[in-house]
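Student: This is the structure I want to talk about, given as structure tokens.
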Amino acid sequence: MSPLSKLFFLAGLAVQATAYSTVKVVVGKTGLSFVPNNITAAVGDVLEFHFWAKNHSVVQGLWSEGCQPATHGGFFSGFFPTAAGVANPKVFRVTINDTDPLVFYCAQNTGSHCKNGMVGVVNPSGSNTLEAYLPKAQAATTAVAPPTVFGGVVLAPEGDTSTATMTVSVSASAAPSGTSAATGTSGSSGTTSTSASASPTRTNGAAALGVSFAGLAVAGAAAVVFV
Ligand SMILES: *[C@@H]1O[C@H](CO)[C@@H](O)[C@H](O)[C@H]1NC(C)=O
Ligand SMILES: *[C@@H]1O[C@H](CO)[C@@H](O)[C@H](O)[C@H]1NC(C)=O
Ligand SMILES: *[C@@H]1O[C@H](CO)[C@@H](O)[C@H](O)[C@H]1NC(C)=O
Ligand SMILES: [Cu+2]
């Protein structure tokens, strides 16, 4: 591959990276529910949980037993006590790393949320489906909450200033490629487009991730071109 075709190849990768989507899951807005609760997601997509009253959580479950946490990996958001009528300003984001069927539930035992059907699935397949899990949840005597928050990040959604830390880290990773591309451009020719995506100021997490990848790919492209 010539340096130029490598550049286009890497630019293509950068465009693909931005295609990840965020699946918004509304928690507890309409009773003891996750909406949607039967989700199809691709590798790299992010589940973003938005919590409403009362005091909900989300835990990755075990397919074999209702309202029990996954024994390998998984995630737990912690509890989000939330006043009536508005969404909690914080969200919980989890990245989907594979297309294996995944089940999740709310671990709030006051009101037996899991037992009462507050569960959801991602990429159901074979015997691992919402229909199959619901009776297991109904049969559970208690829902188990893991001891600590893990497997995802708690942050404020787009528009809230507390996402600033995320923006800063993205700018930091994107800036060097922009800088080197700009420097290189002044001293050589034919590489003027590489710095284009280096310093956008997006605050949306999924977009930020894509931008970060784009920055890396541009950095790679810049390295290929300039060595
Ligand atoms: C969940 O989605 C799958 C695939 O789209 C579908 O086959 C299944 O019937 C759905 N289950 C429920 C309970 O909606
Ligand atoms: C939310 O629920 C958890 C688990 O039941 C509990 O430990 C916590 O005290 C609750 N928070 C509030 C503010 O009610
Ligand atoms: C995907 O991988 C990340 C990083 O290891 C991890 O934090 C996250 O919990 C994983 N997602 C799931 C659904 O297990
Ligand atoms: Cu709940």
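The values are calculated or read from the model by the stated rules, or taken from the named source; none is laboratory data. These numbers were taken from a predicted model, which means no experiment stands behind them. Note that each Cβ is placed from the backbone with ideal geometry, even for glycine, and that neighbours are counted across all protein chains shown. These area figures cover heavy atoms from the full protein model, side chains too; ligands, DNA and RNA do not enter into them. Shrake-Rupley method; radii C 1.70, N 1.55, O 1.52, S 1.80 Å.
Student: Pairs only if they're at least six apart or on different chains, beta carbon under 6 angstrom, first in the stretch 72-99 and farther than 28 Å from A19 by Cβ, second open to solvent by 60 Å² or more (accessible area, probe 1.4 Å); list them, first residue then second.
Tutor: F76/V149; F76/F150; G78/V149
Student: Can you pull out every residue in the stretch 22-33 that is more than 16 Å from the chain's Cα centre (by Cα), open to solvent by less than 50 Å² (accessible area, probe 1.4 Å) and touching a residue at least 40 places away in the same chain (Cβ under 8 Å)?
Tutor: Applying the first criterion (more than 16 Å from the chain's Cα centre (by Cα)) to the stretch 22-33 yields 28-33.
From what's left, open to solvent by less than 50 Å² (accessible area, probe 1.4 Å): 28, 31, 33.
Matches in the stretch 22-33: G28, S33.
Student: Still on this structure, please answer the following. Among all residue pairs at least 6 apart or on different chains, which show Cβ distances below 7 Å where the first residue, located in the stretch 46-59, is closer than 16 Å to L155 by Cβ and open to solvent by 10 Å² or more (accessible area, probe 1.4 Å) and the second is more than 16 Å from ligand 3 (Cβ to nearest atom) and not basic (K, R)?
Tutor: Sorted first by the residue in the stretch 46-59, then by its partner, the pairs are H50/V26; H50/V27; H50/A87.
Student: Next question, about the same structure. Quick check: is even one residue across the stretch 15-25 at pLDDT below 95, more than 16 Å from ligand 4 (Cβ to nearest atom) and more than 21 Å from G152 (Cα to Cα)?
Tutor: Yes, because at least one residue in the stretch 15-25 is at pLDDT below 95, more than 16 Å from ligand 4 (Cβ to nearest atom) and more than 21 Å from G152 (Cα to Cα).
Student: Suppose we filter the stretch 97-116 for residues that are surrounded by fewer than 20 Cβ atoms within 10 Å (Cβ to Cβ) and β-branched (V, I, T); how many remain?
Tutor: Of the residues in the stretch 97-116, 2 are surrounded by fewer than 20 Cβ atoms within 10 Å (Cβ to Cβ) and β-branched (V, I, T).
Student: Given (1) within 16 Å of ligand 4 (Cβ to nearest atom); (2) among the aliphatic types (A, V, I, L, M); (3) not in a loop (DSSP other than H, G, I, E, B), identify the lone condition not met by A53.
Tutor: Failing condition for A53: (3).
Student: Still on this structure, I have one more. Within the stretch 93-118, which residues are of a type in the set (S, T, N, Q) and not in a loop (DSSP other than H, G, I, E, B)?
Tutor: If the condition is that a residue be of a type in the set (S, T, N, Q) and not in a loop (DSSP other than H, G, I, E, B), then T95 is the only one that fits.
Student: Still on this structure: Looking only at residues in the stretch 122-136 that are farther than 18 Å from T30 by Cβ and not in a loop (DSSP other than H, G, I, E, B), which one is most open to solvent (accessible area, probe 1.4 Å)?
Tutor: My answer is E131.
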